[in-house]
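Structure record follows, encoded as structure tokens.
The values are calculated or read from the model by the stated rules, or taken from the named source; none is laboratory data. Bear in mind that the values here come from a model prediction, so they are computed numbers and not experimental data. No Cβ is skipped: glycine too gets one built from the backbone with ideal geometry, and neighbour counts run over all protein chains shown.
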Amino acid sequence: MYCSNCGGKLKAGDLFCSNCGQKLDKDPVPTGIVDEGAPSRQIITKDSKAGEHGQLTKEQIQIIESPSWGSLLGLIYLIAMQSWVHVLILVVLSLFSWVMAGVPTLVFFVYLIVKAKSIAWKSRKWESFDQFLGVQRAWDLWAKIILALNILIFALFMIIFAMAAVVEYQESPSPSNNPINNIPAYDNINSI
């Protein structure tokens, strides 16, 4: 049986939830039953998706399985999410990426973007789904800020490079003063 408030596992005869302290009804929500108070929020069984983290709704599972901007921060994100196997994979791929022009590392980053939240959910212990969601939103926000700053810096460098090229072109000697253009032209190569 599970608590109808937090989804924590209950023991037979419990009067209060050991996870959230909620006073228990006579009929706590059994595994796999739909919560009548929220018909769109189906309780998923512990065996199906939730693992050791308790029960999850379909919406929560969709969030966990959604892509993550935070994973663009790569190694820092994986360390923070305590996903040591993926840290090792990324380090090894980064060290040997020169062998195949970085293609395996790029493929791994695409995999991370798609699966990062799921990896984080399974790798790190979370107090609640709300804590998980708050942490993921913070990582997503910082990744978007850093990505925007990188794009801005790249654009500024391109503008500066273009302006320097224009100035250099304007300061270059005119074609008539260019010594290369003063070489006599020969119309007929055989006349030499």
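Out of the residues in segment 56-72 that are among the aliphatic types (A, V, I, L, M) and either modelled with pLDDT under 90 or touching a strand residue (DSSP E or B) at 6+ places or on another chain (Cβ under 6 Å) (or both), which is nearest to Lys122 (Cα to Cα)?
Restricting to residues being among the aliphatic types (A, V, I, L, M) and either modelled with pLDDT under 90 or touching a strand residue (DSSP E or B) at 6+ places or on another chain (Cβ under 6 Å) (or both), the top hit is Leu56.
For segment 50-104, the helices (runs of 4 or more DSSP H) that sit wholly inside it and include 2 or more residues that are assigned by TED's automatic domain parsing to the domain that holds Lys125 and more than 30 Å from Gly8 (Cβ to Cβ) are 75-80, 84-95.
Output the residues belonging to segment 106-127 that are free of Cβ contacts under 8 Å to residues at least 60 places away in the same chain and surrounded by 20 or more Cβ atoms within 10 Å (Cβ to Cβ).
Passing the criteria: Leu112, Ala116, Lys117, Ile119, Ala120.
Looking at the structure I just gave you, is Ser97 surrounded by fewer than 17 Cβ atoms within 10 Å (Cβ to Cβ), hydroxyl-bearing (Ser, Thr, Tyr) and modelled with pLDDT of 90 or more? So Ser97 does not fit the description; no. Checked against the criterion of being within 30 Å of Asn19 (Cα to Cα), in contact with a Leu (Cβ under 7 Å, 6 or more places away or on another chain) and crowded, with 17+ Cβ neighbours inside 10 Å, the candidates Leu78, Leu90, Leu72 yield just one match: Leu78. Restricting to segment 137-192, and then to whatever is acidic (Asp, Glu) and either out of contact with any Gly (no Cβ under 7 Å at 6 or more places or on another chain) or assigned by TED's automatic domain parsing to the domain that holds Gln60 (or both), can you tell me which residue is modelled with the lowest pLDDT? So, considering only residues that are acidic (Asp, Glu) and either out of contact with any Gly (no Cβ under 7 Å at 6 or more places or on another chain) or assigned by TED's automatic domain parsing to the domain that holds Gln60 (or both), the one modelled with the lowest pLDDT is Asp187.
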